[in-house]
Amino acid sequence: MFEQIKHNMETIAGVAIYPILSLLIFFFFFVGLALWVVSYKKEKINELSQIPLNDN
């Protein structure tokens, strides 16, 4: 079954761009997420971590 799928995918023109695009999308997403986490303010993280402990 895999051979049939492989053969069908090889006959589509320009199909090689899809794995590259998906890799780039995931790479930039995770790099952006890592930058967002690193740049997040320590005071805001501490404030958010105290929310479950508040009685309000």
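Give me the percent of accessible area attributable to carbon and sulfur for the chain, probe 1.4 angstrom.
With neighbouring chains kept in place, the figure for the chain is 70 percent.
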Heavy-atom accessible area per residue - the chain, 1.4 Å, Å²: 101 Å²
Difference of contour (0.36 nm per residue) and Cα-Cα distance, Q50 to A16: 7.4 nm
Helical segments meeting 18 Å axial Cα length and Kyte-Doolittle 1.6 threshold in the chain (DSSP H): 17-39
E43 paired with F30, simple spin-label distance in nm, labels 7 Å along Cα-to-beta-carbon: 3.3 nm
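The values are calculated or read from the model by the stated rules, or taken from the named source; none is laboratory data. Small disclaimer: the values here were computed from a predicted structure and weren't measured. Virtual Cβ from ideal backbone geometry, glycine too; neighbours counted across all protein chains shown. Note: accessible area is taken over every heavy atom of the protein model, side chains too, but ligands, DNA and RNA are not part of it. Shrake-Rupley method; radii C 1.70, N 1.55, O 1.52, S 1.80 Å.
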